[in-house]
Amino acid sequence: MRLTSSKYTGVAVALAFCLVLSASSGAQSPENQAVENLQAKLLPEVLILLPENSPVRLNWILPPVDRTVLETHLHDRWFSVDAEGFPWIGLDGRLLINPLKNYSAFLPEYFTGFTHLENGALIISTAEDFGFIAADQEIDYDPDTGYPVLGYQPLAWLPGKVDDPGEEMVSRTMYRGENCLYFVVRKTFPEEEYREKYEVYCFKPGAGQGDGQTDRSSSPGIPGFVHVYTSDEPITAVAGDGEQTFIAHGKLVLLVLPESSEPEVFYDHPADIILGLDYSREAGLFYATNYSVGLMSQGAALEFMQVPYPGIFLRDNSLYVMLSEQAAILQVENAGFLKQYNQASRELVAVDGVKVSGGLLSLNFTIFLLAAGILLLLVLVDVLGHQFPGQVKTVWVLMVFLGYLSLLARVFFALIFGLSPGRNGFFLLIPFLVVLAYLISGRKERIRN
């Protein structure tokens, strides 16, 4: 399939324009750009809570891109950060963009993922193997866009093989670890309904030759894959350092150690599925759900960022967060400082999916709840105290009860999912709509004596 130049050039130009705009409108030092408030709302859908007077700082690495620019790129979006702190964005499985350096390039074949190792090496995985960019090859250029086509050098076949009759390999996904790579092999059994098997392998420089199942992985100087874990439950994320491995089964995160025969429960998220993990000994274990970003330790966690569909990447002690819908990237400097605030109870964390104790968010919720309840009561008293034609009175009484029912629903969801201002907010809007409708039309329908 040929790729049109306008499709990709528009993205690159938009990203570059946002960078120029941010540089000209805010020739600010990182200190001036840092958000130091306890609670900061960077975008309408992004809320961040940080301790006051802490060394944690926020910086825009890549400003938000107009959503319409990315509408034609419906496939997954990847991002990674190189050793210099420059972000790389992958689109449509072929295009690589470094917006800060205004650099774009194609890969000769479709990739299923890419990441930078600690030493800055860019590793790319395809459906069959993984490898790196060959710097010494002659560069060709795409005839449609003029972008250079990078030379891809496979390093090893992906792990996984069919062990039992009836098995079929569905996918093999690469995850980044600290000085290592993890691969999750997903298998299905078509003859057995709903049965799947997941295998986790680790590829670590300096490790043994592993199971020796592949030709390339058993070549001299190239380590093999070490089998880490097998489960029939879906695996949603993996991270670790080759010695301790963290594996997410939906809301549950397990810790797998080489010397232990059984994995142990590391953390059980009470609300959301863990879709991303990244770990370093210095900073700790960070995670991402569909709605938030947090930091976890044994049996405890802190969610400090509410953001839709985030991607995370940990480089040294800085956490990079990508807003996938806008291709924007934030840097959380000294992110490891936050792990001292991890709590077994989520009462203190005022972010999505959390119960809130104190703070502006909790105060606003209580005020709106009380105001809505009082206004509905006044409407109910006014309706019951006057005559209306036909069944109009009954209709308004039912509308008031609908308003109270929505308040109860909002309280119920707050107890389960927390006080996120963006999710389930329409439940709090219904009572005010009922009151407004009565003031506009309901009072006019009263029969005066």
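Bear in mind these aren't lab numbers, they're just calculated from the coordinates by the rules spelled out. Please read all numbers here as calculations on a predicted model, not as lab measurements.
Details
- Of all aspartates and glutamates in the structure, the ones whose alpha carbon falls short of 17 Å from that of Lys393, not counting any fewer than 8 places away in one chain, are Asp382, Glu445.
- Cα point-scatterer Debye curve for the range 52-187, base-10 log of I(q)/I(0) at q = 0.11, 0.14, 0.22 Å⁻¹: -0.49, -0.76, -1.47
- If you wrap the tightest convex hull around every Cα atom of the range 272-311 and split its volume per residue, you get 65 Å³.
- Residues whose amide H lies under 5 Å from that of Leu155, counting only those 5 or more places away or on a different chain, are Phe130, Gly131, Phe132; hydrogens are built 1.01 Å from N in the peptide plane.
- Inter-centroid distance (Cα atoms) of the range 301-325 relative to the range 88-133, Å: 20
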